[in-house]
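Chemist: Quick one: this structure, given as structure tokens, is what I'll be asking you about.
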Amino acid sequence: MRPITEAYKDFPILHKEHNGHRVIYLDSGATAQIPQMVIDRVVDHMLHHNGNPHRGSHILAIEASEAYENARDRVVEFINAREREEIVFTRNSTESMNLIAHSYGLNNLNKGDKIIITVAEHHANLVTWQYVSQKTGATLEYMYLDETGHLKDGEIDKIDESTKIVAFAHVSNVLGMEFPVKQLIEKAHSVGAVVVLDGAQSTPHMKIDVQELDCDFFVFSGHKMCASQGIGVLYGKRHLLESMPPFLLGGDMIEYVKEQTTTFNELPYKFEAGTPNADGAVSLHAAMDYLDSFGMDAIEAYEEELVDYVLPKMLEIPHVHIVGTTNPKEKHGVIAFTVDDVHPHDVATILDSKGICVRSGHHCAQPLGAFYNISASTRLSMYLYTRKEDLDVFLEVLKTVRSVMGLQD
């Protein structure tokens, strides 16, 4: 295994300058940067193997097909799925969630059924279930949190015999916290509910084993784990995927088409209509290889070290408030915060003037902000290429934010 300290040098973009300052990238929760080896793998594919997968018997089509399917096999290994038929390529976690909502949710829920989610969900795992509840007559119910971001006592008991779907984030993209996954899944399965687990913020940062988790569906995006944008994954238990109708219609997802009828392809291809993103699949394959060169356990441990380093120092800065828990052991590389009397967009702009990239806004989780009475926050999110010296610069600039805005401590 390679030492994590070597990771920083693998990312060309981190040597970019802005306003005379070296770029310090602390927005990996939005999208991760791409290492040179992933870029090289994709360029090689474009230069030497570019063809349309599953659509030709010539050498380039064959090589493109092999690259695409090899990436699927690599995903099976990376998340420990049972078989390749359970892995569907999509554009991102959002499309994966929509596929589940339309192909499973709309066809299996009825009036009187319940969908349970947390108030902390990303809009991709919230708006989709609003839509399903409105179309089917099912009830959408929320599990609420305490001020530290933990589920309130008794909230899990909302999962009862009428519950058909329980959908929640493995790790919150705002709180950076892992929900009690095993407890929620066991409770859901005890009443016969299907579990949809959003792994967008967990898969890049920790070892994932979908068989051990025993979730029914699991989704994640390549761009948050050092792959290119536009490639995502839906894992689903085979018996569920087999029972679901296609989400998109067109080429490659068919078996045979007549003038008035069509039969559909086998798994996983019935969910992959049209020309696939072979370049994205190649990048995802390379990204998983890259992450595994360090080891997912080592990546998780390193990010814990970073949070433990920066969070206590943030708490020492006057007028800075952390959203959710202030326990470093409970945050997975993500820290959202506010600064008294300074809008988060202004905080982000001041940081950007010194080359520091963070996220500001509602982070696609408006109901969580409303629940905490916070319309927006600033978020720093770290990854394996983040260094403590980067965080030192961030802290020094953060201390100046209020004075830059003409405010006194």
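Chemist: Relative to the present Cα-Cα distance, how much length would full extension add between VAL191 and ALA30 at 0.36 nm per residue of separation?
Modeler: Working: separation 161, 0.36 × 161 = 57.96 nm, distance 3.48 nm.
Using 0.36 nm per residue and subtracting the Cα-Cα distance, I get 54.5 nm.
Chemist: Give the shape of segment 52-205 as rounded, prolate or oblate, defined through the alpha-carbon gyration tensor: a ≥ b ≥ c are the square roots of its eigenvalues, a/c under 1.5 means rounded, and otherwise the shape is prolate if a/b is larger than b/c and oblate if not. All intermediate terms of the calculation are to be shown ahead of the outcome.
Modeler: Details: a/c = 2.44, a/b = 1.78, b/c = 1.37.
Prolate shape, in that a/c is at least 1.5 and a/b is the bigger ratio.
Chemist: Please sort by residue number the trypsin sites (Lys or Arg not before Pro) in segment 105-184 whose DSSP state is loop and whose Cβ has at most 16 other Cβ atoms within 10 Å. Can you show the working numbers first?
Modeler: Values: sites: LYS111, LYS114, LYS135, LYS152, LYS158, LYS164, LYS182; in loops: LYS111, LYS152.
Here the trypsin sites (Lys or Arg not before Pro) that fit, given the DSSP loop and packing criteria, are LYS111, LYS152.
Chemist: Let me ask you something else. Between beta-carbons, use under 12 Å as the cut-off and find the net charge around VAL282, counting Lys and Arg +1, Asp and Glu -1.
Modeler: Details: positive: ARG41, ARG72, ARG74; negative: ASP40, ASP44, GLU63, GLU66, GLU69, ASP279, ASP289.
Overall, the nearby charge balance is -4.
Chemist: Excluding GLU305 itself, calculate the net charge of residues whose Cβ lies under 15 Å from the Cβ of GLU305, where each Lys or Arg counts +1 and each Asp or Glu counts -1. Intermediate values should be presented prior to the final figure.
Modeler: Working: positive: LYS313, LYS329, LYS331, ARG387, LYS388; negative: ASP297, GLU300, GLU303, GLU304, ASP308, GLU330, GLU389, ASP390, ASP392.
Around GLU305, the surrounding residues sum to -4.
Chemist: Within 10 Å of each residue's Cβ, count the other Cβ atoms and sort SER172, SER202, SER133 from fewest upward.
Modeler: SER133, SER202, SER172
Chemist: What order do you get for SER96, SER360, SER57 when you list them from fewest to most C-beta neighbours inside 10 Å?
Modeler: Working: SER96 30, SER360 20, SER57 6.
In increasing order of surrounding Cβ atoms, one gets SER57, SER360, SER96.
Chemist: Now, a different point. Counting other C-beta atoms within 10 Å, and keeping those with at most 11, which DSSP coil GluC sites (Glu not before Pro) do you find in segment 126-206?
Modeler: Working: sites: GLU141, GLU147, GLU155, GLU161, GLU178, GLU186; in loops: GLU147, GLU161.
Here the GluC sites (Glu not before Pro) that fit, given the DSSP loop and packing criteria, are GLU147, GLU161.
Chemist: Can you flag which of LYS329/LYS388; LYS158/LYS224; LYS16/LYS224; LYS152/LYS224; LYS114/LYS135; LYS237/LYS329 are past 24 Å Cα-Cα?
Modeler: Pairs exceeding 24 Å: LYS158/LYS224; LYS152/LYS224; LYS237/LYS329.
Chemist: I want to check the label-to-label distance for ARG238 and ASN80. Put each point 7 Å from Cα in the C-beta direction and report it in nm to one decimal.
Modeler: Roughly 1.9 nm, to one decimal.
Chemist: What FRET efficiency do you get for GLN260 and LEU60 if R0 is 30 Å and r is their Cβ-Cβ distance, rounded to the nearest 0.05?
Modeler: Values: r = 35 Å, r/R0 = 1.17.
Working from the Cβ atoms, E equals 0.30.
Chemist: If I model a spin label as a point 7 Å beyond the Cα along the Cα-Cβ vector, how far apart are those points for GLN366 and GLU161 in nm?
Modeler: Label at GLN366, label at GLU161, 3.8 nm between them.
Chemist: Below 8 Å, C-alpha to C-alpha, sequence gap of six or more: please give me the relative contact order for segment 281-409 in percent.
Modeler: Values: 140 pairs, mean separation 32.7, N = 129.
For segment 281-409, the relative contact order is 25 percent.
Chemist: While we're looking at this one, here's another question. Among bridges DSSP assigns within segment 39-292, what percent are antiparallel (round to 5)? Spell out each step's value before the answer.
Modeler: Values: 14 of 31 bridges.
Antiparallel: roughly 45 percent of the beta bridges in segment 39-292.
Chemist: Determine, from the Cβ-Cβ distance of ASN70 and ASN110 and an R0 of 35 Å, the FRET efficiency 1/(1 + (r/R0)^6), rounded to the nearest 0.05.
Modeler: 0.25
Chemist: A further question follows. Percent relative contact order of the chain, based on C-alpha pairs within less than 8 angstrom and at least six residues apart?
Modeler: Details: 793 pairs, mean separation 91.7, N = 409.
22 percent.
Chemist: Karplus couplings for segment 103-115 from phi (6.51 cos²θ - 1.76 cosθ + 1.60, θ = phi - 60°), rounded to Hz, Gly and Pro as x?
Modeler: Calculated HN-Hα couplings, in order: 7, 9, x, 5, 9, 10, 10, 9, 4, x, 7, 10, 10 Hz.
Chemist: Further, regarding this structure: About its Cα centre, what dipole magnitude does segment 39-292 give when the only charges are +1 on Lys and Arg Cβ and -1 on Asp and Glu Cβ, stated in debye to the nearest 20? Could you put the intermediate results ahead of the total?
Modeler: Values: 21 positive and 37 negative charges, 114 e Å.
Using Cβ point charges on Lys, Arg, Asp and Glu, segment 39-292 gives about 540 debye.
Chemist: Same structure, new question: Place a point 7 Å from the Cα of TYR8 along the Cα-to-Cβ direction; which residues of segment 367-409 have their backbone N under 19 Å from it?
Modeler: Residues passing the 19 Å test: 380-398.
Chemist: Once the piece of chain linking MET37 and ASN327 is laid out straight, how much longer is it, given 0.36 nm per residue of separation minus the C-alpha distance between them? Write down the numbers at each step before the final one.
Modeler: Working: separation 290, 0.36 × 290 = 104.40 nm, distance 3.53 nm.
Roughly 100.9 nm would be gained on extension.
Chemist: Taking the Cβ of each residue in LEU284, LEU60, LEU197 as the centre, tally the other Cβ atoms inside 10 Å and list the residues starting with the fewest. Can you show the working numbers first?
Modeler: On the way: LEU284 29, LEU60 13, LEU197 26.
The order, fewest Cβ neighbours first, is LEU60, LEU197, LEU284.
Chemist: Over the chain, with a Gaussian network built from C-alpha contacts below 10 Å, which listed residue (VAL171, VAL119, VAL233) shows the highest mean-square fluctuation?
Modeler: Looking only at VAL171, VAL119, VAL233, the largest GNM fluctuation is found for VAL119.
Chemist: Between GLU17 and ASN50, what is the FRET efficiency for a Förster distance of 35 Å, r being their Cβ-Cβ separation, to the nearest 0.05? Intermediate values should be presented prior to the final figure.
Modeler: On the way: r = 33 Å, r/R0 = 0.95.
It comes to 0.60.
Every read-out reported here was derived from the displayed coordinates using simple, explicitly stated rules and does not represent laboratory data. All of these numbers come straight from a predicted model, not from anything done at the bench. Reconstructed Cβ throughout: ideal geometry from the backbone, glycine too, with neighbour counts over all protein chains shown.
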